[in-house]
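Let me begin by presenting the structure, written as structure tokens, before commenting on it.
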Amino acid sequence: MQEGAADPGLYDFTPYRGRKPFAWPNGGKVAVWVSPNLEYYEIDPPLNPHRKAWAKPHPDVVGYAHRDHANRVGHWRMAEVMSKHGFPGSVSLSVALCQHHPEVVADANARGWEFFSHGIYNTRYSYGMDEAQERAIIEDSIRTVREATGQTIRGWLAPALTHTPRTLDLIAEYGMDYTCDLYHDDQPFPVHTRSGHLISMPYSLEVNDHYGFFVYNMSPREYARTLINQFERLAAEQSGTVMCIPLHSYLIGQPHRIGPFEEVLRHIAADDRAWITRSGDIAGAWRAAHPEALS
Amino acid sequence: MSLDPAYLEYPNRRLGYDHDLYPYSPLPKRKPLAWPGGKGVATWFVVSLEWFPITPSDKPFRAPGHMQTAYPDYRHYTSREYGTRVGFYRLLDAFAKAGVRVSVAANAAIAERYPQVIADIVAGGHELIAHSTDMNGTIASGLPEDEERALITHAVTALEQVSGQNVRGWHAIARSQSFNTVNLLKEAGLDYCVDWVNDEVPWSFANGVVNVPLNHELSDRQILTVQQQSVDSYAEQVLDAHDWLAAEATAQGGRLLPLHLTPYIIGLPYRMDAFERLLADLSARPQTWFATGAEILDSYRSQM
């Protein structure tokens, strides 16, 4: 990005009208990917001068325990429902989860899910890092996920959505294909970086379960209806869009929410306008359909 | 600009948790639980019964539901009292009609100021659990350990003296604890707390105290007051949860549906009919085991 400039210069402006439609590999109009955030929040993290981790003095029992629910209960409930309806995950991973709870990471890997990095912990923020520090967390992410799963990460969602002006340049330099941190479009687009070939992967932040339940205060059934409306609208528009369902199993995996959510997966799985896939596969298919964009 | 190098050091990055309060245990790997009578879903109401001084304290933090306007805040002081005088009696009647016994998390101040309420709880067959002194009795790290110890002791002693019950459970205001709390609860002779919402069945801390998790998301406060949904939606969400847990219980062992209530929230006239219908709907489900916290604790301990 152009540090300090009013327009950070992240991408070209391309209006929605007049784009050339294209079909996803199965002939579908909407690529649908589910992104479980598999996270670890520390009980007593050091303070980042730009952002506090917890609202209360440590231990913030409700904050910590709520997120711990994901790794004890919620993950399996959510993952079973996804597998039952044929949805793989594309995991936004706090890579230290590979050390703390390898059972969760192994379960996701065994289900054929893709991993990309969501930082070391969701309680360690990038704000204020120098370049060497930021390189350290990128290299740690690549190494840790490779050792734990055999996968080479292709994407990045900044830890707790905290960035520096150089994050996108650095992840592109390290060979990553996509960033989930830019919310300007329902289709992938090239991102301007110093080197590499980075694209923006639509992450549909507005239908993130956290937004549904804690920004918009939806009931579980309202959230399910929202996801179906999002899919139906995109499927009725021009072909070649992306819908992400970003999830946290401590939210969607609660017993009052998982039933309505299962109906969403049943609905989308029954519609052949959907291409149900993973983020890396979307990046690959989009590149194949747009060879000119990354020349 | 750069961060202190310690910010990129991870001394607790290891197998298991970054603390030693309790061990990691994924639910699918645990021994399945069997509740009494072959029921699948322990359905547990916890009613918080609270007295808010009209002179609020912010040390270490101001309790949820506390005074909000400049002094004197008649609006919130009296609205909270409404819950204890009126709303709570609607709940007691509803529980009696449905044959349900519950846990009541009461401030010591309730016992000291309104012993009749405690007598009515005991007469209804309900369990009392300790819930601090009054709503200025919040706990968080930074509260000196001797003050926290005195607060816990006062809370337990006052309830025991007025009720004649042996108090076994602890519910902290806002579920907030310090790093000392779990050891102080053990020292006070308590068997369990309800504050750690990380699970859906009971589990044990390293020191032997049990946590019976009281889900904060399925509380009347969260759904009706924070998220501002209707009482009909609240009841629908509770039944959706119950149905899901009942299906899981059939395949994977006993489950727990904890339902946290606040008399000044659920006990309003326009909400009570829906709540009584919810009680009837839960009663009609064959997998329901209505239980108190102590009964759930004892069943869990007998199986471990």
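May I ask you to verify whether B:SER48 is in contact (Cβ under 8 Å) with a residue 12 or more places away in the chain, facing another protein chain (nearest Cβ under 7 Å) and polar (S, T, N, Q)? Can you show your working first?
On the way: in contact (Cβ under 8 Å) with a residue 12 or more places away in the chain: yes; facing another protein chain (nearest Cβ under 7 Å): no; polar (S, T, N, Q): yes.
For B:SER48, the condition - in contact (Cβ under 8 Å) with a residue 12 or more places away in the chain, facing another protein chain (nearest Cβ under 7 Å) and polar (S, T, N, Q) - is not met.
In region B:124-148, the residues that are within 14 Å of chain A (Cβ to nearest Cβ) and under 14 Å from B:ASP195 (Cβ atoms) reach residues that are among the charged types (D, E, K, R) and in a loop (DSSP other than H, G, I, E, B) with C-beta atoms within less than 6 angstrom, at least six apart or across chains, in these pairs: B:ALA140/A:LYS56. Taking the criterion of being more than 9 Å from every other protein chain (Cβ to nearest Cβ) and in contact with a Phe, Trp or Tyr (Cβ under 6 Å, 6 or more places away or on another chain), the residues of region A:51-69 that qualify are A:ARG51, A:GLY63. Within region A:107-166, the residues that satisfy the criterion of being within 10 Å of chain B (Cβ to nearest Cβ) and among the charged types (D, E, K, R) are A:ASP107, A:ARG124, A:ASP130, A:GLU131, A:GLU134, A:ASP140. Please tell me if B:ILE139 is farther than 23 Å from B:SER299 by Cα and modelled with pLDDT of 95 or more. Answer is yes for this residue. Checking B:ARG14, B:ARG62 one by one, the residue that is within 21 Å of the chain's Cα centre (by Cα), within 14 Å of chain A (Cβ to nearest Cβ) and either closer than 24 Å to A:HIS58 by Cβ or β-branched (Val, Ile, Thr) (or both) is B:ARG62 and no other. From the list A:SER279, A:SER204, A:SER200, the one residue that fits, being on the phi > 0 side of the Ramachandran plot, more than 14 Å from chain B (Cβ to nearest Cβ), crowded, with 17+ Cβ neighbours inside 10 Å and of a type outside the set (D, E, K, R), is A:SER204.
All of (1) open to solvent by 20 Å² or more (accessible area, probe 1.4 Å); (2) within 13 Å of chain B (Cβ to nearest Cβ); (3) of a type outside the set (S, T, N, Q) hold for A:VAL104 with one exception: (1). Of the helices (runs of 4 or more DSSP H) entirely within region B:200-294, those holding at least 2 residues that are of a type in the set (Val, Ile, Thr) and either open to solvent by 50 Å² or more (accessible area, probe 1.4 Å) or within 10 Å of chain A (Cβ to nearest Cβ) (or both) occupy B:231-252.
If we keep just the residues of region B:189-199 that are part of a loop (DSSP other than H, G, I, E, B) and either free of Cβ contacts under 8 Å to residues at least 12 places away in the same chain or away from chain A (no Cβ under 12 Å) (or both), which is surrounded by the fewest Cβ atoms within 10 Å (Cβ to Cβ)? Don't jump to the end; show me each part of the working.
Initial filter on region B:189-199 (part of a loop (DSSP other than H, G, I, E, B)): B:189-191, B:194-199.
Keeping just the survivors that are either free of Cβ contacts under 8 Å to residues at least 12 places away in the same chain or away from chain A (no Cβ under 12 Å) (or both) gives B:189-191.
On the way: B:GLY189: 11, B:LEU190: 21, B:ASP191: 20.
Of everything passing the filter in region B:189-199, B:GLY189 is surrounded by the fewest Cβ atoms within 10 Å (Cβ to Cβ).
Conditions (1) of a type in the set (Val, Ile, Thr); (2) open to solvent by 50 Å² or more (accessible area, probe 1.4 Å), marked per residue:
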{"residue": "A:GLY4", "(1), (2)": "no, yes"}
{"residue": "A:TYR11", "(1), (2)": "no, yes"}
{"residue": "A:TYR16", "(1), (2)": "no, yes"}
{"residue": "A:TRP24", "(1), (2)": "no, no"}
{"residue": "A:TRP54", "(1), (2)": "no, no"}
{"residue": "A:HIS85", "(1), (2)": "no, no"}
{"residue": "A:SER90", "(1), (2)": "no, no"}
{"residue": "A:VAL95", "(1), (2)": "yes, no"}
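Condition first: among the small types (Gly, Ala, Ser) and more than 23 Å from the chain's Cα centre (by Cα). Now tell me which residues in region A:11-27 satisfy that.
Matches in region A:11-27: A:GLY18, A:GLY27.
Taking the criterion of being in contact with an Asp or Glu (Cβ under 8 Å, 6 or more places away or on another chain), closer than 17 Å to A:SER92 by Cα and in a helix (DSSP H, G or I), would at least one residue in region A:192-211 satisfy it? No, region A:192-211 contains no residue that is in contact with an Asp or Glu (Cβ under 8 Å, 6 or more places away or on another chain), closer than 17 Å to A:SER92 by Cα and in a helix (DSSP H, G or I).
The values are calculated or read from the model by the stated rules, or taken from the named source; none is laboratory data. The model shown is predicted, which means the values in this text are computed figures rather than measured ones. Here Cβ is always computed from backbone atoms with ideal geometry, including for glycine, and neighbour counts include all displayed protein chains. We work out accessible area using only protein heavy atoms, side chains counted, and drop any ligands, DNA or RNA first. Shrake-Rupley method; radii C 1.70, N 1.55, O 1.52, S 1.80 Å.
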